[in-house]
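What follows is a single structure, written as structure tokens, with notes after it.
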Amino acid sequence: PRRRSSAGDGKLQTHGAPRILRGEALMILLLTVLTLAEITRTSSAVAAARCSVPSLVSHRGDRSAGLENTLTAFGRTLDAGSAGVEFDVRFTKDHHPVLMHDATVDRTTTGSGRVAAMTLTRFRTLRTGDGQHPPTLGQALALLRGRVSEALVELKQIPDAADLRALHDAYRRQDAFRWANLTSFSPMALRAVDSIPARKGLVTRSAPSVALAGTYAFVAVRYDRLTRARVRAYRNAGAAVYAWTPNNRDAWRRLAGYGVTRILTDQSTDYLAWARGTCRS
């Protein structure tokens, strides 16, 4: 039978009910916290999976100040947060690998003449517009070692036997075989450096055949020649896909959707900002 309260106020006695209700409330609260934590974890995992933007490779370093292929250009892009750098290598008359995009030094230095006609001593006297010495390959690798996950060393000419020995020695001195990949527009140049145990990638202005792409670790294709189907085919053939040189967000977004592996761009700081914003959204 129900018992009235001693005060006779007509209210039912609860006895131990409050303790039971408090226990149930704590259990519900605990379950709610655990559920919310699981939802947060799942949401984060889904967001991370969706945030799959291609890794950045800075094309000739940070070119915002008109610099290219210089130690300062590399330092700036590294300070901005880039983990990949691309640069160009030629060989002097006395077989030393040095950084220079053009066959001549006229455009980027205060000097003139062909790199292949200069000794290293002559090359070292050159100055860029801001007073720097254009670097040797050894200097560039020394700066980048331990600071990048990948460097792309683009060969602008086919090395002869003496060039190859100097190239191999620069790699050996900086233990660069695993992180400094060799690239070129010339399949002959890549065949010439076959003895160097670094990843090789063919650079192309047009989309190469899938069969040709599959013979390299990666292909670097001009970005406006890539399609989703081509990227898929190259990757299925075992070749990573690098896109050069898109410099705007629309292109970056489209290429990310295609599934390219790396993007080489002149706009490193803008790319990093775009990538961070994409991953936060």
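The values are calculated or read from the model by the stated rules, or taken from the named source; none is laboratory data. The structure presented is a predicted model; accordingly, all values stated were derived computationally and were not measured. Cβ atoms come from the backbone with ideal geometry, glycine included; neighbour counts cover every protein chain shown.
When segment 236-251 is filtered for residues that are touching a residue at least 60 places away in the same chain (Cβ under 8 Å) and under 14 Å from V53 (Cα atoms), the ones remaining, listed by number, are Y242, A243. Of the set (1) modelled with pLDDT of 95 or more; (2) more than 27 Å from A256 (Cα to Cα); (3) assigned to a loop (DSSP other than H, G, I, E, B), all apply to N69 but (2). Against the list (1) under 27 Å from I263 (Cα atoms); (2) touching a strand residue (DSSP E or B) at 6+ places or on another chain (Cβ under 6 Å), the condition D163 fails is (1). R178 satisfies every condition listed in (1) surrounded by fewer than 22 Cβ atoms within 10 Å (Cβ to Cβ); (2) not in a loop (DSSP other than H, G, I, E, B) except (2).
Looking at A161, A103, just one residue is surrounded by fewer than 19 Cβ atoms within 10 Å (Cβ to Cβ), within 17 Å of V193 (Cβ to Cβ) and in the same structural domain as A243 (by TED's automatic domain parsing), and that residue is A161. Taking the criterion of being within 27 Å of A83 (Cβ to Cβ), assigned to a helix (DSSP H, G or I) and acidic (D, E), would at least one residue in segment 117-130 satisfy it? Checking segment 117-130: not a single residue is within 27 Å of A83 (Cβ to Cβ), assigned to a helix (DSSP H, G or I) and acidic (D, E).
Any idea how many residues of segment 62-103 are among the acidic types (D, E) and within 21 Å of A243 (Cβ to Cβ)?
Residues meeting the conditions: 4.
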